[in-house]
1. If you average the sequence gap of Cα pairs under 8 Å that are 6 or more apart and divide by the length of the stretch 233-331, what percent do you get for the contact order?
2. How much mean residue ellipticity at 222 nm does the chain get from its helices, if each DSSP H run of length 4 or more adds -39500 (n - 2.57) and you divide by all residues, to the nearest 500 deg cm²/dmol?
3. Report, in degrees rounded to the nearest 10, the 0 to 90 angle that the Cα long axis of helix 262-271 makes with the longest principal axis of the chain.
4. Suppose we take every Cα in the stretch 182-244 and form the convex hull; what volume per residue is that in Å³?
5. Give me the percent of Cα-Cα pairs in the stretch 209-256 that sit more than 13 Å apart, rounded to a whole number.
6. Using the Cα gyration tensor of the stretch 233-331, with a ≥ b ≥ c the square roots of its eigenvalues, what is the shape: rounded (a/c below 1.5), prolate (a/b larger than b/c) or oblate (neither)?
7. When a footprinting reagent is the concern and you count Cβ atoms within 10 Å, what order do Glu65, Glu41 take, fewest first?
8. Using alpha-carbon pairs under 8 Å, 6+ residues apart, how would you state the relative contact order of the chain in percent?
Amino acid sequence: MRNPSISVQFARAVLRQTVRHGLDPTALLRKNRISPRLLLEDDARLSVERFADLQVSTMLALQDESLGYGTRRTPIGSWSMMCHAVIGSATLGQALHRYCRFFQLFEHGLGPVMASDGETTRLVLQELDVGEHTGPYYSELFLCNSHRFSNWLVQEQLPLLAVNLKYPTVARAEEYHQVFMGNPVQLGQDASSLVFASSLLERPLKQTEASLRHFLRHPVLFMLTQQFALDSWTARVRELLRHNMHQLPELNEVAGALEVHPQTLRRRLAGEGTSFMDLKTALRRDTALHFLGKQGLSIEEIATRAGFSESSAFIRAFKTWTGVTPYAYRKGL
């Protein structure tokens, strides 16, 4: 399955603290072949690969894995050491308790703690010493990483009862459906937290020291791109479309293949927060962004792979999606 693209608003958040630390955000963008013009477009998107590389480059430039948002730096290598600290755990619950204890050692503004009332458990971000630059992205990033790392440890997409965010979000509210893998997000809460069934803590870990070495080659990209089998209507439709990119079918054809009435399919997709047209557009867009990051493919070839019969129509659509042409996006102009 093609990886979803990411809103440029998250790239802005990654770079937000760079100028304060004497770094040139434009240089970081160009290093990762991202057009600085892209950040001026609110609706623009990045391929997940370029976004992941930008995040890692910014951490290295700042020498801070918390991207300058903490009251103290989180030294480079901290995430790797945390992974080694938890990988020998027997269960997810044991791993998460070690995870929280590890980050409590840093005292860099936010400290994760586990709280349970029996059937429900919360991973809560306590504000220990919030500085003037500690913004919403810090807690969003921490919670997103916590959930996706937990998924990786047990090799399944863990359902959340709620994602609670205290601060105003750095991107539009609808973007968080993707960030938190379709789980319900609640804004304006008293504290930022993940809420889940306590029974998930009994899940056995399925990762080892050997698989951890592979994971640590690029953990940011790994967590953003990991896929789990889901039996949702959205996943079924996307998969069917993905296998027919050369001639994308219409709703009636897809409904027929899935053996449901078109109106029923519309309702079920709406119940999952999407539509057939949204899925079709997103698949075309994300396919284009993915292949523009590859060498050796012409714009015409990419247009075909993204489901366009004419490159001119593809170029117009791409500019609508990102604010720049495919040529400019590829070169990072």
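1. Over the stretch 233-331, the number comes to 25 percent.
2. After summing the helix terms and dividing by the residues of the chain, the value is -14000 deg cm²/dmol.
3. Helix 262-271 and the main axis of the chain meet at about 20 degrees.
4. Dividing the Cα hull volume of the stretch 182-244 by its residues yields 182 Å³.
5. Considering the stretch 209-256, 68 percent of its Cα-Cα pairs are separated by more than 13 Å.
6. prolate
7. Placing the least packed residue first, the sequence is Glu41, Glu65.
8. Result for the chain is 21 percent.
All of the numbers you see were taken from the coordinates with simple rules; none came from a lab. No experiment lies behind these values; they were computed from the predicted model shown. FYI the Cβ positions are ideal-geometry reconstructions off the backbone, even for glycines, and counts take in every protein chain you see.
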